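The values are calculated or read from the model by the stated rules, or taken from the named source; none is laboratory data. Keep in mind the model is a prediction, meaning the values are calculated, not measured. A quick note on method: Cβ atoms are made from the backbone with ideal geometry, for glycine too, and the neighbour counts reach across all protein chains shown. Each accessible area value is taken on the protein alone, full model and side chains, heavy atoms only, with ligands, DNA and RNA left out. Shrake-Rupley method; radii C 1.70, N 1.55, O 1.52, S 1.80 Å.
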Amino acid sequence: FFFLMIRRPPRSTQSRSSAASDVYKRQILVSSSSDGTIKLWQTFVEDESGEILRASSGDLKGTLFYKTTGSGDLHIPTSLCWINYNTFASGFVTSDVVGFFDPEHLKMKHSVKLGIENYSANSQINKLAYHEAMNVLVLGHEDRQLRFLDINTGKLIKSMVAHTDAVSSIVGYNQYFLSSASHDGSVRTWDLRKYQCLHEIPVANKKKYDEAIHCLSYHNSTSWLMTGNVTL
């Protein structure tokens, strides 16, 4: 088990030098970069006896990208998350599209256009999180909103202003609940049955350089929420 620490560039640049998602059952790490690429890395392999071995350094499985129409430039990916064993999703800085990718065949399966007017870095997706019990993909945006995408229909089922500043992280847990974090310094917990805020920690982390909380994690055994922030 390991952690990958990422430093986010200043928010004024609105680009990501690098970002990474979870390691799923395939022992594959998926990373995204501001150069427009999404890369899949083999982290562990099994030998003939079934023993788990660490993969060699730099074991790149493949590279994916999403080209713009016309110029052929690459859209810049932001957050990634696994939906199931055969699919992961990505948001982008430069397009209001959520892309769904096949890690086995290294291609985009399909995409869903969110229909956000005047989409830009000021409304980009900062975080994706899949809530398995509700079968929804939750999107945290720079424009302070949480949006909920039904995986079965590919349609937005809810959009709401969740914080007073950009939503930076989301984590789902239990059957109906998720928590979101923001650069306003707060953490809020939501009931997805009614889309209501159940609890708020108003100053979970102090703001510094116009940023506050960067990541949020939930510990199943202890029921603790943990935040990673910009302050020392």
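Structural remarks
- Alpha-carbon Rg/Rh ratio, for region 153-215, with Rh computed the Kirkwood way: 1.00
- Over 27 Å (Cα to Cα) - which of 39/113; 61/155; 113/207; 155/194 fall in this group: 61/155; 113/207
- Among the protein heavy atoms of region 105-232, carbon and sulfur supply 47% of the accessible surface, probe 1.4 Å, non-protein parts ignored.
- Each Cα pair under 8 Å and six or more residues apart adds its separation to the average, and for region 94-138 the resulting relative contact order is 31 percent.
- Under Stokes-Einstein, with the Kirkwood radius over Cα pairs as Rh, the value for region 66-192 at 37 °C and 0.692 mPa s is 222 µm²/s.
- For region 60-129, applying the loop criterion from DSSP together with a ceiling of 15 other beta carbons within 10 Å to the chymotrypsin sites (Phe, Trp or Tyr not before Pro) yields 85.
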